[in-house]
């Protein structure tokens, strides 16, 4: 590969990293072409990109984007995405199906280095929609209890009025 091509690859990856909230490093050893293609498809559906590039070029792109990257060893694939949880979930689910391949080496989340265990924790988080639904239910629960209590007071008041009416009619 010529120097200009390398510089172009580094600049493209730098731009992608600058626009991403999460960058994960993976070791794809043991995955054949078919599995790699499937992984790329799943990541693309989640709005995440998977890039395989030489470690020195990847480190240069990470450093050029303003982050401080860790030294990479061995074959490395870089997952670049705006949704950190979605990217972690796709990687985790795919690894469960394929004998823990690709293995997550680490990454960067909002400019900070994270470890593989933290990527797994991100993967175990519920989706954004589910978190918003739980928040809505949590906010709605006290209001529903208050409305139920007010409704009960109204029924008790109506019952008391009805009893007073029947008592006065009888007298």
FRET efficiency for residue 73 and residue 129 from the Cβ-Cβ distance with R0 = 45 Å, rounded to 0.05, comes out at 0.75
Along the Cα→Cβ direction, 7 angstrom out, place labels at residue 120 and residue 57. What is the inter-label distance in nm? 3.2 nm
Computed, not fitted: 222 nm per-residue ellipticity of the chain from DSSP H runs ≥ 4 (each -39500 (n - 2.57)), nearest 500, equal to -20500 deg cm²/dmol
Compute the distance from the alpha-carbon center of segment 1-71 to that of segment 96-133, in whole Å. 17 Å
Tell me the angle of helix 3-18 to the major Cα principal axis of the chain, expressed in degrees between 0 and 90 and rounded to the nearest ten. 10 degrees
List 65, 21 from most exposed to least, where exposure is judged by having the fewest other Cβ atoms within 10 Å. 21, 65
Multiplying the sequence separation of residue 168 and residue 15 by 0.36 nm and subtracting their Cα-Cα distance, what value in nm do you get? 46.7 nm
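When a footprinting reagent is the concern and you count Cβ atoms within 10 Å, what order do 33, 48, 85 take, fewest first? Provide the component values of the computation, followed by the final result.
On the way: 33 7, 48 24, 85 19.
Listing 33, 48, 85 from fewest to most nearby Cβ atoms yields 33, 85, 48.
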So the angle from the long Cα axis of helix 55-64 to the longest Cα principal axis of the chain, reported in degrees to the nearest 10, equals 60 degrees
Inter-label distance for residue 93 and residue 155, nm, one decimal - labels placed 7 Å from Cα along Cα-to-Cβ: 4.4 nm
Please determine, in degrees from 0 to 90 and to the nearest 10, the orientation of helix 128-170 with respect to the longest principal axis defined by the Cα atoms of the chain, where the helix direction is its Cα long axis. 0 degrees
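Taking neighbour Cβ counts within 10 Å as the exposure measure, how do 39, 139, 109 sort from fewest upward? The partial results should precede the final answer.
Values: 39 23, 139 9, 109 18.
If I rank by nearby Cβ atoms, fewest first, I get 139, 109, 39.
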I need to check one value: relative contact order of the chain, counting alpha carbon pairs closer than 8 Å and at least 6 residues apart, in percent. 26 percent
Potential extension, residue 41-residue 7 segment - 0.36 nm per residue separation minus Cα distance: 9.6 nm
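Every number in this text was worked out from the coordinates using simple rules, so none of it is lab data. Quick caveat: nothing in here was measured; it's all calculated off a predicted structure. Glycine gets a Cβ as well: all are built from the backbone with ideal geometry, and neighbour counts include every protein chain shown.
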